[in-house]
1. Using modelled amide H (1.01 Å from N, peptide plane; none on Pro or chain starts), what sits under 5 Å from the amide H of B:LYS433, excluding residues fewer than 5 places away?
2. Within 10 Å of each Cβ in B:79-88, how many Cβ atoms from other chains are there, averaged over the peptide?
3. Please give the peptides B:82-93, B:194-205, B:39-50 ranked by average Cβ packing (other Cβ atoms within 10 Å per residue), highest first, as a rough proxy for protection.
4. State, to one decimal in nm², a quarter of the convex hull surface area for the C-alpha atoms of segment B:85-193, i.e. the direction-averaged projected area.
5. Report, in whole Å, the centroid distance computed from the Cα atoms of segment B:22-45 and segment B:173-187.
6. Go through A:LYS12/B:LYS87; A:LYS116/B:LYS433; B:LYS270/B:LYS371; A:LYS116/B:LYS87 and tell me which ones have a Cα-Cα distance over 24 Å in this structure.
7. In segment B:1-125, if the dipole is taken from +1 on Lys/Arg beta carbons and -1 on Asp/Glu beta carbons about the Cα centre, which of B:ALA84, B:SER105, B:ALA71 is farthest to the positive end?
8. When the Cα centres of segment B:93-140 and segment B:388-415 are compared, how far apart do they sit, in Å?
Amino acid sequence: MAMSLNFTAPLKQDPESQERLQQLAAVFTDQVQPVIDTALAKSELVHFARILVIDNKYIQVLTEFDGDPMGYTEFFRTELPSVFEHIFSLVEGAPPWKEIDNPNDFYEYTHSLNLKALGTAPDSGYDHGYMFSAFGDATVREIKGKFSPGN
Amino acid sequence: MKVDLGRVQALVVTNYRRPTSRHLLFHFGAGASGRAFLRELVRRITMADAELDPAPDPLLNIGITYNGLGALGVDPGLLTKFDAVFKLGPRAVNMALGDVADSRSDPANWWEGRFATEDVHCVVHLYARSDDAAQDATQSVRDLARINALTELIPRRDGTILQGRWYSRAKMHFGYTDGISYPDIRWDDDAARAAGQVDFRHFLLGYSTDECPSAPARGPAAEFARDSTYGVFRWLYQDVAAFNLFLSTEGPRLFPELPPAEAEELLAAKMMGRWRDGTPLVLSPERPDPELAASNDFGYATQDPDGMRCPFSAHIRIVNPRDTPLDPIVVDGVPRTLRRGMPYGSPLQGTTDDGVDRGLVGMFLGADLRKQVYTLTSWIVRNDFSPVYDANRRAQDPLFGNRAVPGTSPDFIVPRPGGGATVKGLPDFVHTKGTAFMFYPGKTALAELAH
C-alpha cells in the first residue's frame, strides 16, 4: 500500500515573503515543475505529487509513494535541494536551510509537519491514516510494468 | 586527525574472542541513583586502548537507551539533537525492522511480555572466558545495581537472562560460519584510505561532515557524543528444527540431480550466499573450498550478474550488495554496519524441536541508525533496492525475513541455467524476541553521565 506525505506548513505573512511566494507561483510551471518531474520520475516510487498554497497562509507538499518514509525523504533532500530550500524560506518558523540540510534534521523537520490523515491505514503497518487506493498495494514499478509493451 | 581509541568502548573497535557473554538489562531508579551506578561502573568499562588478550574477566561495556539518557537527567536540549531513529525507538520503526503486529515478532510480545521496551534504560554486556567468571561478573554488577536502586529487567518467564555462548568457534545455529566480512575501518585522516577502507565517521559520533553526516552534528551535543556510537541490540530466536526440515525437504526437490545431503548443503548455501564453511558461492559455486572460506575478494556485477551462482535474495547479497547496481532512490550507497553477536542456547541437530530457546544475541553498531541499520533491515524485509530484483521486488531475505510483513512474497527465486527454480511459501526461520536502540557512550559522555 502506498504511503502519503501531507506536509503542511504555515507561510510567513510579511510583505517580502508574500511577494516571494507570488514569484514562486509565477515561475512554478516553467522552472520548478520540470525539476520535480525529472527527480520524481527517476525515483520510480512516487505515484502522485503536488504543491498547494491555501489562501497564502499555508503551503502543502502532498505525495503518495511506495516504500519507506525515511529513504524517500532523503531522496527529496538530495535531489530537490533548491526546491525545498525555497519552500522552507517561505515557511514561518522554519530553521535556516544550512541547519536542516542533512539527513537527520531534514527528516525530523519535514515529518514534524506531516499531517496524519483521519482513520487508519489498512494493511500497511504505518500510522499515516486512511488512504484509498484503487490499485491495492501495487507499486509504481508494478503498475508501469503492466503498461509496458508485451503486457 | 586520529581517533584516540582510549576514548571509545572496545566493543565498537573489536569483535571479542571470549567464548561466553551475558547481557544484563536495567531500569534506572529515581534521582541520581543511575549516575551513582555509572560512577562505579565506569572504571570497569573496557576501552579500546586496552590489551584485551591478557585482560582479566570480564570485558565490560554499556549501552544506554534514549529513555535511559533521559532518566539520567541529560539535558533535553542535547537529546533533541540525537539521531531520529534512536529517539523514535524500535517500536515506532517496527515495519522497517520487520517486526509487524500480529506476527511472532510483534513488539507487543517482546521480552516474553515481562516488561515494555521503553522500560529498558541500559544494557551491561559482560564477556568472559568461562561460565564461572561470567557468573562472578554478573553478581558483581547486580550488587552494584542493587546498591544504587536499579531494577534488573529479566527478559524470560523462567527467570533466566540472556547469555551468549560459542559452542563451536564462530558457528551460528543454522551452521553457518560467522565473522568473515567486517568493514576495514580507517581510524585516522592522516593518509588516503586504501581501497575498501571505511571512514571511522561511519561508526563514531562527534565527527560529522557533509560527506559522512551523523547526529548530533555539531555544538555541545556533538561534543557530548564524541567517540560514542549507536547500536541496535537484538534478541533473535532461530527455529533450527524448521530450518533443518526445510533443507531436507526442499533441497532434494530443488536439486534432484544431487545426493540429498549435498542438495541440502547447496540450498543452505544459496540462502546465505556462502557455503556453511564460509566459501562464497560467487567464487566456488559447486562446493566449499577451505582455501576460500574466509574470502571477501569478490563482487557481483561482473562475476555473477544474473545470480546463477549467488541468488539475488541470498542473505549476504542483501546486507552487503558490494558492487550491485542500486536504485536511484538509494542515495546513501551501500551501508555497512559493525556486527557484534553471539549465539545463545544449546545447539540442535535434526528436525524435531526440543523447545529450547536458541538464536542470536546481536548488536549492530553505527553512527547513523537510519542509513546503517534501518536501511539494511528494510532490505531484508523487502528486496527492492536494486534493478536486479525486478523479477520480484516483494521477495525477502530467505533466512531472516518475516513472512507476515504486508506486501511481501514468501518465494525464494534460485536462478539456474536453463530456467530458475522457485521455493514457494518460505517458512519463518527467525523471529524477534526483543530490541533496544542503544547509545554506547565514549569517554566524554561517560564522564558526564557519571558526574
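The numbers here are math on the coordinates, done by the rules we state, and not lab data. These numbers were taken from a predicted model, which means no experiment stands behind them. Neighbour counts run over all protein chains shown; Cβ positions are idealised from the backbone, glycine included.
1. Placed amide hydrogens put B:TRP235, B:LEU236, B:TYR237 under 5 Å from B:LYS433.
2. For peptide B:79-88, the averaged partner shielding equals 3.
3. B:82-93, B:194-205, B:39-50
4. 11.4 nm²
5. 31 Å
6. A:LYS12/B:LYS87; A:LYS116/B:LYS433; B:LYS270/B:LYS371
7. After comparing all options, I get B:ALA71.
8. Distance between centres, Cα-based: 27 Å.
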